[in-house]
Amino acid sequence: MTMATSYSQEALDQLERGQLEAFKKAFAQALRHDDDDTLYSLAEELYSLGFLNQSKRIYEKLLARYPEEDDIRVNLADILIDEDDGDAALNYLNQVSPGSDAYVRSLMVAADLYQTQELFEVSEQKLLEARQLAPEEPAITFALAELDLTMGAYNRAIPLYLDLIKQGIPTFSGVNLVERIGVAYANAGRFEQAIGYLKQVHQADMTPDVKFETGFTYLQLHENKLAIQFLEDLKDTDPQYTSLYPYLGKAYEAENRLEEALKVLQEGLGVDQYNERLWSAAADIAVKLDDEALAETYLKQGNALDDEDLEIVIKLSNLYVKQERDDENITFLTRYVDQDDVDPQIYWNLARSYERTEAFGEAQRFYEAANPYFQNDPAYLKPAFFFFRGQGEKETAKDLLKRYLELVPDDGEMALEFENLTLDDE
């Protein structure tokens, strides 16, 4: 039987026709009758098509026949990683010695294994060893750059991608490296450089991720109209891309298009009602639109989703304080006071509510807890001064007032209060 009419070729032809039973029969015949080179090619084809088990069977047969062929071991390890059998994969990789021609590739496959296990430092060690042995191999440079991007080491990833582009490799494994550099710059907070690269990505290569990163970067540069343009385009083409909605809302808000901002956030909630960030952002816009009832509804929804989200807790408490719903505020905040990581705004809000309900002992306790955190906030220092003065705590009141006047020296009324306190001391 010639190559053109081998059982391996027949098996592939049956796969192409969708005839799985005929494929299985031809595959079994190929295992028994085809030569080893033809079987090796069949294994590669089947692996690329996702038929891992059949590919593995061929490689296992060939390895038994050619135990010195480390390339087969590496191929088997690759399959086992795909099958989530890391221990068996590592067993094959450990059999490849440093003197083997397949050693560099074994290091790269091992790096892939450790990355899937989120052992990023071990993965990096394998890739660095591979790069030392084969410094000109683009696949290793690309793998290192991708690992750095995953690890958040953006400033390390950028020169690696640039190195590939300088070698005349603008894309690798279907990845646009210009886009990758733009994304890395954006995540590193270097937005001017980021947009310079993201603008070079052709419209045909604008994946949802690229559109998002471009819109996000324009927003950071306060180019709100361009941010809206890219994020709206993303919303139209991929409305399930939930990350876009908070940022599109911010862009509209920055343009003072509040009704549109609220509409966008409501659309986002229609896509992902379990995203407490969207509930919180929608509440912010509702407050700006003077719809405190709607803001409260949104904040309560967010709090119900994640009652440990202190940003939402503070926003809802601030609303209660503003509306002088002090009993509700006290009841709401009490459970958060004894937590390990307490936002000091909770102390301040409780102090105000207890003061207004004339529970002065509790109010003083929470003012004293809040004092160290708001020494640079005139909005806190002024009412705190009046509270402690009213409680007869003159020294504390005087210290608070002194700090307030350091921050607001032109407040004549409070300067006079300080003079009166000083005269009283004399």
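Descriptive notes on the structure:
- The per residue volume of the convex hull around the alpha-carbon atoms of the stretch 289-378 is 107 Å³.
- Along its principal axes, the stretch 13-107 has C-alpha extents of 43, 28, 17 angstrom, given from the largest down.
- Compactness index (Cα Rg / 2.2 N^0.38 Å), the stretch 232-382: 1.18
- Largest first and in whole Å, the equivalent-ellipsoid semi-axes of the stretch 146-222 read 18, 15, 11, each the square root of five times a Cα gyration tensor eigenvalue.
- D by Stokes-Einstein for the chain, Kirkwood Rh over Cα pairs, 37 °C, 0.692 mPa s: 119 µm²/s.
- Selected from Asp71, Asp205, Asp341 as most flexible by GNM, with the chain as the system and alpha-carbon contacts under 10 Å: Asp341
- Among Ser353, Ala64, Phe385 the positive-end extreme of the charge dipole of the chain (Cβ point charges): Ala64
- Pairwise centroid distance, computed over Cα atoms, of the stretch 48-120 with the stretch 200-264, Å: 42
- Each 10 Å bin from zero holds the following percent of Cα-Cα pairs in the stretch 1-65: 24, 61, 15, 0.
- Partners for Lys382 among aspartates and glutamates (Cα-Cα distance below 16 Å; same-chain residues under 8 apart left out): Glu355, Glu368, Glu393, Glu395, Asp399, Glu406, Asp410, Asp411, Glu413, Glu417, Glu419
- Those residues of the stretch 59-78 whose amide nitrogen sits under 18 Å from the label point placed on Ser97, 7 Å along Cα→Cβ: 66-74
- Which of Leu316, Leu294, Leu31, positive extreme of dipole for the chain (C-beta unit charges): Leu31
- Taking the protein heavy atoms of the stretch 223-303 in the context of the full set of protein chains, the accessible area attributed to carbon and sulfur is 45 percent at 1.4 Å.
- Mean projection area, nm², convex hull over Cα of the stretch 109-263: 9.8
The values are calculated or read from the model by the stated rules, or taken from the named source; none is laboratory data. Given the structure is predicted, the values throughout are model-derived calculations rather than measurements. Ideal geometry is used to build each Cβ from the backbone, glycine not excepted, and the neighbour counts take in all protein chains shown. Accessible surface areas use protein heavy atoms only, side chains included; no ligands, DNA or RNA. Shrake-Rupley method; radii C 1.70, N 1.55, O 1.52, S 1.80 Å.
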